[in-house]
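Step one of this worksheet: look at the structure below.
The values are calculated or read from the model by the stated rules, or taken from the named source; none is laboratory data. From a predicted model like this one, the values you see are computed outputs, not experimental measurements. Positions of Cβ are backbone-derived with ideal geometry, glycine not excepted, and every protein chain shown enters the neighbour counts.
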Amino acid sequence: MMNPLDPTDWPIAVDDLPAGTYLVGGAVRDGLRGIVQGDLDLDFVTPAPAIPLAQQLARKYGASFVILDQVRAIARIVFPQATLDFAQQVGDSLETDLHRRDFTINAIAYHPQTQEIIDPLQGCVDIAQQQMRMISQENLRDDPLRVLRAYRQASQLGFTITPATRQALQTTARQLAQVAPERIRTELSYLFASPQSHVYLRWAWEDGGFAHWLPQIDETGLQNLARLETWQRDKAPQWQNLDSFLAEPLLTNPGPGEPRKRTLGNLSKLACLLHSQPEPTIIQQTLSCLTYSNREIKLIQALLASLSQLTPCLADDRRWQFFLFRQIDRAWPGLVLLAVGSGIAPEKIESLHQAWLDPENPIAHPPCLLTGADLIQDFGLTPGPLIGEILQYVLEAQAQGNLMTPMEARAWVRAYLEAGGNQG
């Protein structure tokens with residue numbers, strides 16, 4: 001583990017930093033809280049040209065280099081266990097730069113050569129009191145995304161938000177409509193990653209933070225999310241294996257600044273909030289506007305559709321279970337969360353969960369008995385509707401337990417064709 005306030009843990013030498021370069025932001029805040037990190041995430045502000053500086057350091061240390069914002073002169077260096085962002089100082093002095101930031105706890109600087117802490121806005125006091133306090137409402141208006149960032153950082157730190165800041169968030173929230181949708185989506189991903197996200201999502205909802213981008217959120221959805229997260233925290237041992245499945249990232253190559261928080265578990269929380277919206281087209285439009293990927297949208301739609309089909313499966317209906325597992329596939333752990341959130345007792349779906357965990361279970365993981373290529377090769381059929389009809393019949397028979405092996409399926413197809421396609 002590495003201490004962000006210990007330059008000997010950094011992947012670059014302090015002497016490589018130009019005079020007047022300071023460590024700022026979350027690394028300073030976390031270092032002051034005594035939090036050590038497995039991977040370092042360091043933000044530097046410098047009076048020197050930031051992009052050429054980062055490029056020079058990346059070249060010297062053989063690290064990756066990415067320009068994050070050409071206009072604001074922000075660049076990133078990526079090491080195996082550290083990410084370093086360099087930003088051009090805003091204004092004529094460090095204090096001017098710090099006064100233009102979002103919250104006092106993020107407006108603290110650390111001088112790497114002298115180990116001096118610069119805290120002109122009493123951010124250390126707010127850290128000690130575990131609270132988020134804005135620097136000014138004007139700063140919130142300068143970048144309205146800071147409204148959502150308040151709830152997100154409060155969720156990550158377990159902090160409260162001061163009443164004056166809460167009031168300012170409420171009056172600034174309508175300006176979130178001006179923010180690029182992918183930035184909204186990123187903050188949501190971070191929020192859902194909190195094990196107590198329902199608390200902070202409720203604050204944001206009460207303050208109007210979702211009025212434009214997620215108007216479908218309502219009291220029922222927030223109560224369901226609270227139930228989901230409470231169960232997820234306190235779940236019995238037989239459910240512990242869910243966590244590894246829920247934590248799998250859905251993006252194999254997230255871009256710069258893209259959080260590795262777009263997971264099955266977090267999308268399941270989003271689906272929980274959208275459950276009361278009955279129109280799939282509206283959900284698709286909402287998620288598309290937030291620039292969720294087609295895969296993520298289809299996954300959320302599958303979760304919501306599968307939830308509506310779960311009740312017949314609880315009656316031990318083999319056919320319903322077969323097609324439910326076929327529809328939900330690897331997203332089953334997300335459906336468990338959604339079901340518990342909607343009020344279904346976990347013990348009612350425990351047998352289904354055990355079936356899904358068993359890779360040999362013929363209902364949860366049925367073998368493929370026949371393909372269209374098999375029908376063309378073995379029976380001389382030509383591509384067309386008949387192949388689809390036969391495959392559907394085979395699936396139905398398999399779902400009911402009447403066909404279990406490829407040999408049985410081929411025998412059924414042969415008899416079906418010999419009977420002129422009228423076999424029941």
Going through region 395-415 one residue at a time, which ones are farther than 19 Å from residue 317 by Cβ, in a helix (DSSP H, G or I) and not small (Gly, Ala, Ser)? 406, 407, 408, 410, 412, 413, 414
Just need a number here: residues in region 376-394 that are free of Cβ contacts under 8 Å to residues at least 24 places away in the same chain and either closer than 19 Å to residue 318 by Cα or surrounded by 15 or more Cβ atoms within 10 Å (Cβ to Cβ) (or both). 5
Does at least one position in region 334-352 carry a residue that is within 21 Å of residue 231 (Cα to Cα), acidic (Asp, Glu) and in the same structural domain as residue 247 (by TED's automatic domain parsing)? yes
For residue 145, are the conditions met, namely being modelled with pLDDT of 95 or more, closer than 20 Å to residue 261 by Cα and surrounded by fewer than 21 Cβ atoms within 10 Å (Cβ to Cβ)? yes
Filter result for the condition that a residue is touching a residue at least 24 places away in the same chain (Cβ under 8 Å), in contact with a helix residue (DSSP H, G or I) (Cβ under 7 Å, 6 or more places away or on another chain) and within 18 Å of residue 188 (Cα to Cα), over 299, 307, 303, 314: 299
Take the residues of region 29-63 that are surrounded by fewer than 16 Cβ atoms within 10 Å (Cβ to Cβ) and touching a helix residue (DSSP H, G or I) at 6+ places or on another chain (Cβ under 8 Å): which is modelled with the highest pLDDT? 60
Which residues, taken from region 20-62, are in a loop (DSSP other than H, G, I, E, B) and of a type in the set (A, V, I, L, M)? 35, 36, 48
Find the residue count for region 33-47, including only residues that are under 14 Å from residue 87 (Cα atoms) and among the β-branched types (Val, Ile, Thr). 2
Exception for residue 312 within (1) modelled with pLDDT of 95 or more; (2) surrounded by fewer than 17 Cβ atoms within 10 Å (Cβ to Cβ); (3) in contact with a Phe, Trp or Tyr (Cβ under 9 Å, 6 or more places away or on another chain) falls at (1)
Considering only residues that are more than 18 Å from residue 191 (Cα to Cα), part of a helix (DSSP H, G or I) and touching a residue at least 60 places away in the same chain (Cβ under 8 Å), which ones fall in region 270-285? 282, 283
Looking only at region 12-28, count every residue that is among the β-branched types (Val, Ile, Thr) and surrounded by fewer than 18 Cβ atoms within 10 Å (Cβ to Cβ) and tell me the total. 1
Inspect all residues belonging to region 42-50 and state whether any of them is more than 30 Å from residue 130 (Cβ to Cβ), in contact with an Asp or Glu (Cβ under 8 Å, 6 or more places away or on another chain) and of a type in the set (D, E, K, R). no
Can you go through 214, 201 and tell me which one is under 23 Å from residue 163 (Cα atoms), hydrophobic (A, V, I, L, M, F, W, C) and crowded, with 20+ Cβ neighbours inside 10 Å? 201
Checking residue 419 against (1) within 40 Å of the chain's Cα centre (by Cα); (2) more than 26 Å from residue 304 (Cα to Cα); (3) surrounded by fewer than 16 Cβ atoms within 10 Å (Cβ to Cβ), the condition it does not meet: (1)
Could you tell me which numbered condition residue 243 fails, if it satisfies all but one of (1) under 23 Å from residue 347 (Cα atoms); (2) touching a helix residue (DSSP H, G or I) at 6+ places or on another chain (Cβ under 7 Å)? (2)
Of the residues in region 95-132 that are surrounded by 18 or more Cβ atoms within 10 Å (Cβ to Cβ) and in contact with a Phe, Trp or Tyr (Cβ under 6 Å, 6 or more places away or on another chain), the one that is nearest to residue 31 (Cα to Cα) is 109
